[in-house]
Amino acid sequence: MKKQMVTTKRSLTLETEERLNQQILLEGKSSAYYLSMASWCDTKGYSTSSDFLYRHSEEERQHMLKLFGYVNDAGGHALQPEITGIPHDFKSLREIFELILEHEIEVTKSINELVDHCFSIKDFTTFHFLQWYVIEQREEETLSRRALELFDIIGEDGVGLWTIDQEIGNLENFIQKSGPGNMDAPN
Ligand code: FEO
């Protein structure tokens, strides 16, 4: 049955809706990017990193769905993003974590711009909703930096890469997830 629009009145502006859809695209890209990385790790025998990245890919999908829920509840229309251009090959395990950190810094920048926009037009509802992402980004950047530090601390020679792969599995325990950063199902 076709959903009936009871009222078209809303406080979410069209520009904010468009920006939120851009963020949906970025979260969707993150999910696809990490899925591709997970698969590459799997084929190279980095099984712990692979599991870590499969989980991370799923988390990014949850980030995207949380935005879907918000946009539609606010009277907008969340759009299924078109995602292309995701690489399938990577030079090394280290490169993967360098790319993740780079990517997460871009995501943080995008969230900050979105938050700034909401503040400037006094859309405090969306501003408040986005605080979850602000906190999440801090954790995600920390996680990526800690992963890269493993390469410097342990070194990649001999059993180094194997050890690094094992340690990647402990990173999530290292980063205390609490409050709005918890990876519960979107609501
Ligand atoms: Fe949802 Fe890692 O940005």
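The values are calculated or read from the model by the stated rules, or taken from the named source; none is laboratory data. In this text, all values refer to a predicted model and were calculated from it rather than measured experimentally. Reconstructed Cβ throughout: ideal geometry from the backbone, glycine too, with neighbour counts over all protein chains shown.
One line per residue, one yes/no per condition, for (1) modelled with pLDDT under 95; (2) in contact with a Leu (Cβ under 6 Å, 6 or more places away or on another chain); (3) within 30 Å of Ser47 (Cβ to Cβ):
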| residue | (1), (2), (3) |
| --- | --- |
| Val71 | no, yes, no |
| Ile100 | no, no, yes |
| Ser110 | no, yes, no |
| His117 | no, no, no |
| Glu139 | yes, no, yes |
Mind checking which pairs have a first residue in segment 53-82 that is touching a residue at least 12 places away in the same chain (Cβ under 8 Å) and a second that is surrounded by 19 or more Cβ atoms within 10 Å (Cβ to Cβ) and outside any helix (DSSP H, G or I), Cβ under 6 Å, 6 or more apart or different chains?
Phe68/Ala78; Val71/Ala78
Identify, please: which residue in segment 50-80 is of a type in the set (Ser, Thr, Tyr) and buried (at least 19 other Cβ atoms within 10 Å of the Cβ) and is, among those, nearest to Leu93 (Cα to Cα)?
Ser50
State whether the residues of segment 42-49 include one that is under 17 Å from the mean Cα position of the chain (by Cα) and either over 17 Å from Asp165 (Cβ atoms) or crowded, with 16+ Cβ neighbours inside 10 Å (or both).
yes
Of a type in the set (Lys, Arg), surrounded by 19 or more Cβ atoms within 10 Å (Cβ to Cβ) and within 16 Å of the ligand (Cβ to nearest atom) - does that describe any residue in segment 27-38?
yes
Scanning segment 55-96 for residues that are under 19 Å from the mean Cα position of the chain (by Cα) and not in a helix (DSSP H, G or I) gives Ala78, Leu79, Gln80, Pro81, Glu82, Ile83, Thr84, Gly85, Ile86, Pro87, His88
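Among the residues of segment 114-125, what is the count of those that are under 18 Å from Glu136 (Cβ atoms) and touching a helix residue (DSSP H, G or I) at 6+ places or on another chain (Cβ under 8 Å)? Talk me through it step by step, then tell me what you get.
Start the filter on segment 114-125 by keeping residues that are under 18 Å from Glu136 (Cβ atoms), which leaves 114-116, 118.
Applying the additional criterion that residues be touching a helix residue (DSSP H, G or I) at 6+ places or on another chain (Cβ under 8 Å) yields 114-115, 118.
Total satisfying the criteria: 3.
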Test: Ile105 is modelled with pLDDT of 95 or more, away from the ligand (no atom under 13 Å from the Cβ) and aliphatic (A, V, I, L, M):
no
Scanning segment 112-143 residue by residue, those assigned to a helix (DSSP H, G or I) and away from the ligand (no atom under 16 Å from the Cβ) turn out to be Asp116, His117, Cys118, Phe119, Ser120, Phe124, Thr125, Thr126, Phe127, His128
